[in-house]
Structure formats: C-alpha cells, structure tokens
Amino acid sequence: MMDASAALSFQSCPWIGFERTGGKTGGFLRFPSGFSEEWKVQTLRLGDSRCSRVAVRSRHQESRISCCYKKSGGTENFHNSVDEALILKKKSEDVLPYLNGRCIYLVGMMGSGKTTVGKILSEVLGYSFFDSDKLVEQAVGISSVAQIFKEHSEAFFRDNESKVLRDLSSMCRLVVATGGGAVIRPINWRYMKEGISVWLDVPLDALARRIASVGTDSRPLLHQESGDPYTKAFVKLTTLSEKRGKAYANADARVCLEHIAAKQGHDDVCALTPTAIAIEALIKIECFLTENAAVRNSLYLQ
C-alpha cells in the first residue's frame with residue numbers, strides 16, 4: 001500500500017480576505033496581506049459581467065483567486081461573499097492556536113460536502129487537504145471506489161481505508177475528508193481521535209437531492225438500487241442513517257446545517273454557501289477545544 005505521507009507534496013495556500021475600496025460598481029478591490037507582511041497588496045479591476053483573475057504571490061507560492069460579478073443582484077452577493085471571507089479568516093486566526101497542529105477529520109454521509117468544506121478549511125488554516133477515498137484508490141491502483149467495490153468487496157475497501165487513516169493519524173496539520181462509512185469501524189475512531197473529528201450533519205432530503213442531481217454512478221452503495229435517482233438515494237440514505245447515526249454522533253463537533261440555515265433565515269440548507277458551513281465548523285472546533293482546555297485547567301488546579 002502507498003504510504004499516505006507520499007502525498008504531502010500538496011502545497012496549501014492560506015485564504016486571504018479582500019475588501020472593496022471604491023464606491024462604484026466595478027471599482028477596485030484590494031487584497032490585503034493575510035498571514036505576513038510579505039504578501040503584496042494586489043489590485044483587481046472587476047468588469048460588469050465577466051470573471052477576472054489576480055495572482056497573489058509570496059516567496060513560496062502563488063494562488064489564483066477568481067472573482068465573478070453579475071449585474072443582476074451581483075452587488076449584494078458580492079458583499080456577502082466578502083463578509084464571509086473576512087469572517088472565515090478571522091475565525092481561523094482564533095482557532096489556530098488551540099489546534100496546535102492537530103488534524104481535522106470531517107465525517108458525514110455521502111454528499112454532505114466534506115471535500116468542498118475540507119478544501120476551504122485547509123486553505124484558510126494553512127493545512128494540507130486529503131480525501132481518504134482518493135488515497136485508497138491510489139493505494140490499490142483502481143480509479144474509483146465504485147470499481148473497488150465491484151472488483152473486490154466493501155470489506156476490502158474498508159480494510160484499506162483503515163490503513164490510510166492509520167497513516168494519516170501520525171501526521172500533523174491536515175484536513176481529511178473521510179468516506180461516508182469510515183465511522184462504522186471503531187479502529188477508525190481511534191485514529192481520528194488523534195485529531196479533531198467534525199460531523200457535517202445534513203438533512204437526508206437535501207442529500208438525496210444533491211446526489212440525484214449529479215447521478216449515482218460514483219456511489220457504490222446506491223448504483224445498484226432501482227428507481228429514480230432521488231427516490232433510491234433517499235431510501236438508501238435513510239437506511240444508512242439509521243445504521244450510522246450513533247457513530248456520527250461520536251464526533252468531537254457537530255455542524256448542523258439546519259441550525260445554520262435557521263440562523264441565516266433560509267428555509268433550505270441548499271441556500272448555504274460552503275464558506276458559511278466552514279465558518280460554523282471552525283466555531284464548533286473552537287468551542288470543543290476551549291471547553292477541553294478549561295476542563296484540563298480545572299483538573300490541574302485541583
């Protein structure tokens with residue numbers, strides 16, 4: 001099996017906030033230094049309806065950031081995304097000292113957004129990102145989880161998944177998106193408890209809609225089911241949720257998308273941005289770490 005450390009060549013780029021400096025639509029945007037004074041302030045000119053790019057350079061790396069603007073409703077959406085980016089950056093700065101290099105493991109059902117949110121967290125924290133499913137595929141030399149299930153078995157996949165998590169647990173400063181079924185093996189929890197585990201709790205209806213919209217071919221536990229994509233996804237997800245619900249609850253922190261949507265006044269969790277979910281994840285991680293620190297200090301004083 002491939003040693004997971006071999007993939008550590010991935011270079012994370014910290015997310016930097018940005019702010020509008022002009023009073024008019026299509027004005028200039030400045031990208032201020034985020035993590036050190038060495039980051040140069042760059043200026044980006046936005047067009048009315050096209051996408052512009054700016055390269056932000058440091059001594060070690062380059063990041064390309066795309067900013068899209070649309071005439072209709074664009075200003076409000078743009079300001080919302082700016083606000084979220086700045087909140088995300090500030091919260092990451094609050095959390096980093098408490099993390100002390102510990103890894104973050106995202107758990108949750110298939111389609112819950114672990115990869116998308118994980119990449120955002122890795123960027124803003126300056127961590128590296130790994131998808132455990134992808135590492136298993138690389139380790140066994142098969143291009144998809146669905147094909148691994150087909151050519152071998154689910155048990156074969158789970159064995160290799162545990163090996164990958166074991167290897168990752170010995171490292172630092174990683175964000176790991178785990179497979180939906182990683183929580184069913186107690187040994188995997190032992191590995192994940194070396195870091196911080198975060199459960200992305202998404203309503204089953206929203207998950208089924210997401211999966212149905214992209215198809216079930218890549219979902220080995222759904223692909224063989226009969227019926228229309230939404231129905232078979234919802235039925236299977238309900239069954240899996242009943243089996244795995246208690247296991248997901250073992251996570252150190254729970255990010256409930258229904259709660260976030262309610263706070264923001266949305267009726268549908270699909271209206272939430274991945275950045276908003278990442279912010280909530282950092283808030284929950286900070287709460288868990290600060291509470292644990294308080295308990296340890298209390299025990300020490302006794």
Please find, among S241, S218, S226, the residue that is open to solvent by 60 Å² or more (accessible area, probe 1.4 Å) and either modelled with pLDDT of 95 or more or under 21 Å from the mean Cα position of the chain (by Cα) (or both).
S218
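Yes or no, residue by residue, for (1) open to solvent by less than 40 Å² (accessible area, probe 1.4 Å); (2) closer than 21 Å to K89 by Cα:
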site	(1), (2)
A251	yes, no
R254	no, yes
E258	no, no
D268	no, no
A281	yes, yes
Quick check, is S213 open to solvent by less than 20 Å² (accessible area, probe 1.4 Å) and either polar (S, T, N, Q) or part of a strand (DSSP E or B) (or both)?
no
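The values are calculated or read from the model by the stated rules, or taken from the named source; none is laboratory data. Since the structure is predicted, the reported quantities are computational estimates derived from the model, not experimental observations. These accessible areas exclude ligands, DNA and RNA; they are computed on the full protein's heavy atoms, side chains included. Shrake-Rupley method; radii C 1.70, N 1.55, O 1.52, S 1.80 Å.
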